[in-house]
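Enquirer: Handing you this structure, nothing more for now.
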Amino acid sequence: MTLTGRLVFAVAALVCAVASAQAQDDVVVKIGVLSDMSSLYSDIGGAGSVAAAKLAVEDFNPAAHGMKVEVISADHQNKPDVGASIARQWYDVDHVDVIVDVPTSSVGLAVNEVTREKNKVFLVSGAASSDLTGPKCSPNTIHWTYDTWMLANGTGKALVKTGGDTWFFITADYAFGQALERDTSAVVVANGGKVLGSVRHPLNNSDFSSFLLQAQTSKAKIIGLANAGGDTVNAIKQGSEFGITAGGQHFAGLLVFVNDVQALGLKTAQGLVLTETWYWDMTEANRAFTKRWQVARPGKFPSMVPAGVYSSVIHYLKAVAALKSSSDGRAVIAKMKEMPTEDPLFGKGSIRADGRKIHDAFLFEVKKPEESKYPGDDYKLRATIPAAEAFRPLKDGNCPLVGG
Amino acid sequence: MFEIFGIPSQALFGQLLLGLINGSFYALLSLGLAVIFGMLNIINFAHGAQYMMGAFAAYLLLQHLGIGYWEALVVAPIMIGATGVLIERLLLQHLRKLDPLYGLLLTFGLALVIEGLFRNYYGSSGLPYQVPEALQGGSNLGFMFLPNYRAWVIVLSLAVCFATWFAIERTRLGSYLRAATENPVLVRAFGINVPRMVTLTYGFGVGLAALAGVMAAPIYNVSPQMGSDLIIVVFAVVVIGGMGSIMGAILTGFALGVVEGLTKVFYPEASNTVIFVIMAIVLLIRPAGLFGRGA
């Protein structure tokens, strides 16, 4: 071997050694965004959640913490079996450390169990069922953005207090709808209201006229919509056609996202009262986030779900950086609960023992068309529900993690 | 007020009328399917996607060209019908000599592609479309509040159904069409351009789907998946009515709308399955469908 040859060999060996040392030092984290990418909830989470997770990684700046972070995504098609098998594949084969988002409560509950079994981390933003921090709570799960109890408490209480004391429910006939109806009925009754009746419709129903007619005959002041997405949009659209609002009855959209309001148009949606934990146009930081997010999702507006994905990923990465490891899911979650949360979108907050992330919730009213000044200018703030009151009290959840 | 099976008659009449309204959508969609199947022997699985395209066309015409509902009722079906003509010319034509299964697979694939494209560009939440000014409001019939727009839907749907039935069963053009289905070679020998007639028939069937889409835009959420929600039910309607039977499709469409409406009163949870239960029973007793001309 010539001298130059030996030199080249030596340099190459040195580079390899440095590179492998580097790899050993770096904590490698793989984030899996599991969402509805192709069906009715894909505008709520979907590609928007993936974009939010990537922004969170960018803002966290992994290189500065000696970390490497990768974001991957998949479509669970709103089917619990599909979601659970992707989760297994990710954990077992692809070395995914954390699954985020997962709209659709039935899929969320399935992934919750797989994550517990594999001792990984599950950060829920899209799924709503309050059971995730109740009987089904897990030391591997944090429920970040919102839940059915919070929706019921926000919208339900506000409406009963302003005179909407008789209710009729139009409910989607699956886990989420039933949980939402149950939680809202409890709030209505606890605040002195009365539930006059309810009707259950199949998921993805297009015609609501028959259910609306039953709601109309009930003479209830408030028609509570315990459903989501296209079902809520169809019910409200047809309700305005059947003169429900003109007749003095009011809709309570128990889970309405900014995307649904845009699908309805302000003319139809105006006056609707709803609860969310985040709105894109509330603060300068939110607007700045929206602008960056829209690079990936032109013309759309983020709901609270991608915002929650952003916030949860940031906090997760902070905890991993503090532990210098992502391998023990339970340890990471314990660290996340121990550290106070802080990020530009949700401000300061905390995580409870049952896995519930605590922050303020907001009661919004949809603007009239003439009040809206620019695209996406849809809500006005009616009330802020302080973090301490926004979520179900720790002792009422029946979570086995909470020592009684 | 008297009661029937524990349900106030008032509510029952209301539900019957609502059933008729939904039935008019079923009738209009299954009519298009029946025309296409009867004349081309193609099971058009893209029908739901074409219905969705009709609704989107109405939205886009309004948004970008300021063309309102009334014009869209005419323009959208012609536009979407033209895409149907293209599909027939470029794709379906080559399948004519093959088993109908190939047509089904092709149109099913097309439906998935079209839906995917729309979802990619417009998202899944849907787009707003208002009821036209002239048809807003409604009247109180005593037993229910009937929105003017719904009344219009029944009237228009009945008129279109009747006109189509008349054109196919009672006019000279219709007789050419029916003859061409029976024996294309002989009809061509009389100097009639059969392939063109078939192409136009497909375009017409697709236009009917688009018309239903425009009519649906003000009352249903205009979203890429609106067609796939409906198409399975409409197929059941066609099967119950008898594949290819025009009158069968129309009558079954209205009748099943009513049955579904009644189910929503007595047992709402079953409202999306009742049609399939009926389909199973009909297939057991009369495999060719209620109005089919024998298998």
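Enquirer: Enumerate the helices (runs of 4 or more DSSP H) found wholly within the stretch A:113-212, keeping only those where 3 or more residues are of a type in the set (D, E, K, R) and farther than 30 Å from residue A:92 by Cβ.
Expert: Here the list reads A:175-190.
Enquirer: Let me ask you something else. For the structure I just gave you, tell me whether residue A:248 is touching a residue at least 60 places away in the same chain (Cβ under 8 Å), farther than 24 Å from residue B:152 by Cα and within 14 Å of chain B (Cβ to nearest Cβ).
Expert: Taking the combined requirement at face value, the residue does not satisfy it.
Enquirer: Looking at (1) at positive phi; (2) modelled with pLDDT of 90 or more, which one does residue B:110 not meet, given that it meets all the others?
Expert: Every condition holds for residue B:110 apart from (1).
Enquirer: Given the options B:190, B:145, B:166, name the one that is surrounded by 18 or more Cβ atoms within 10 Å (Cβ to Cβ) and aromatic (Phe, Trp, Tyr).
Expert: The conditions single out B:145.
Enquirer: Here is a follow-up. Condition (residue is more than 14 Å from chain A (Cβ to nearest Cβ) and under 12 Å from residue B:25 (Cα atoms)) applied to the stretch B:135-155: is it met by at least one residue?
Expert: yes
Condition check ((1) outside the structural domain of residue A:111 (by TED's automatic domain parsing); (2) small (Gly, Ala, Ser); (3) in a helix (DSSP H, G or I)) across all residues:
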| residue | (1), (2), (3) |
| --- | --- |
| A:49 | no, yes, yes |
| A:54 | no, no, yes |
| A:64 | no, yes, yes |
| A:78 | no, no, no |
| A:88 | no, no, yes |
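Enquirer: For the stretch A:295-404, give me every one of the strands (runs of 3 or more DSSP E) that falls completely inside it and has 1 or more residues that are out of contact with any Cys (no Cβ under 6 Å at 6 or more places or on another chain) and under 22 Å from residue A:64 (Cβ atoms).
Expert: Where strands (runs of 3 or more DSSP E) fall fully within the stretch A:295-404 and carry at least 1 residues being out of contact with any Cys (no Cβ under 6 Å at 6 or more places or on another chain) and under 22 Å from residue A:64 (Cβ atoms), they are A:341-343.
Enquirer: Go through the stretch A:355-404 and count every residue that is touching a Pro at 6+ places or on another chain (Cβ under 9 Å) and crowded, with 19+ Cβ neighbours inside 10 Å.
Expert: Summing the residues that are touching a Pro at 6+ places or on another chain (Cβ under 9 Å) and crowded, with 19+ Cβ neighbours inside 10 Å in the stretch A:355-404 gives 4.
Enquirer: Take residue B:80 and decide whether it is modelled with pLDDT of 95 or more, of a type outside the set (D, E, K, R) and either under 22 Å from residue B:222 (Cβ atoms) or in a helix (DSSP H, G or I) (or both).
Expert: Against the criterion (modelled with pLDDT of 95 or more, of a type outside the set (D, E, K, R) and either under 22 Å from residue B:222 (Cβ atoms) or in a helix (DSSP H, G or I) (or both)), residue B:80 qualifies.
Enquirer: Go through the stretch B:30-62 and report how many residues are part of a loop (DSSP other than H, G, I, E, B), touching a Pro at 6+ places or on another chain (Cβ under 8 Å) and closer than 20 Å to residue B:112 by Cα.
Expert: Count: 2.
Enquirer: Is it true that some residue in the stretch B:210-232 is more than 14 Å from chain A (Cβ to nearest Cβ), crowded, with 24+ Cβ neighbours inside 10 Å and of a type in the set (Gly, Ala, Ser)?
Expert: Yes, some residue in the stretch B:210-232 is more than 14 Å from chain A (Cβ to nearest Cβ), crowded, with 24+ Cβ neighbours inside 10 Å and of a type in the set (Gly, Ala, Ser).
Enquirer: Related question: Considering only residues of the stretch A:182-204 that are within 20 Å of residue A:107 (Cβ to Cβ) and within 14 Å of chain B (Cβ to nearest Cβ), which is modelled with the highest pLDDT?
Expert: A:202
Enquirer: Continuing with this model, one more query. Within the group B:280, B:236, which residue is buried (at least 19 other Cβ atoms within 10 Å of the Cβ), part of a helix (DSSP H, G or I) and among the small types (Gly, Ala, Ser)?
Expert: Exactly one of B:280, B:236 is buried (at least 19 other Cβ atoms within 10 Å of the Cβ), part of a helix (DSSP H, G or I) and among the small types (Gly, Ala, Ser), namely B:236.
Enquirer: Being within 14 Å of chain A (Cβ to nearest Cβ) and out of contact with any strand residue (DSSP E or B) (no Cβ under 6 Å at 6 or more places or on another chain) narrows it down to one residue among B:80, B:21, B:67; which is it?
Expert: Selected residue: B:21, the only one of B:80, B:21, B:67 that is within 14 Å of chain A (Cβ to nearest Cβ) and out of contact with any strand residue (DSSP E or B) (no Cβ under 6 Å at 6 or more places or on another chain).
Enquirer: With A:220, A:215 as the choices, which residue is surrounded by 24 or more Cβ atoms within 10 Å (Cβ to Cβ), free of Cβ contacts under 8 Å to residues at least 60 places away in the same chain and away from every other protein chain (no Cβ under 11 Å)?
Expert: The match here is A:215.
The values are calculated or read from the model by the stated rules, or taken from the named source; none is laboratory data. These figures come from a predicted structure and were not determined experimentally. Don't worry about glycine lacking a Cβ; one is built from the backbone with ideal geometry, like all the others, and counts go over all protein chains shown.
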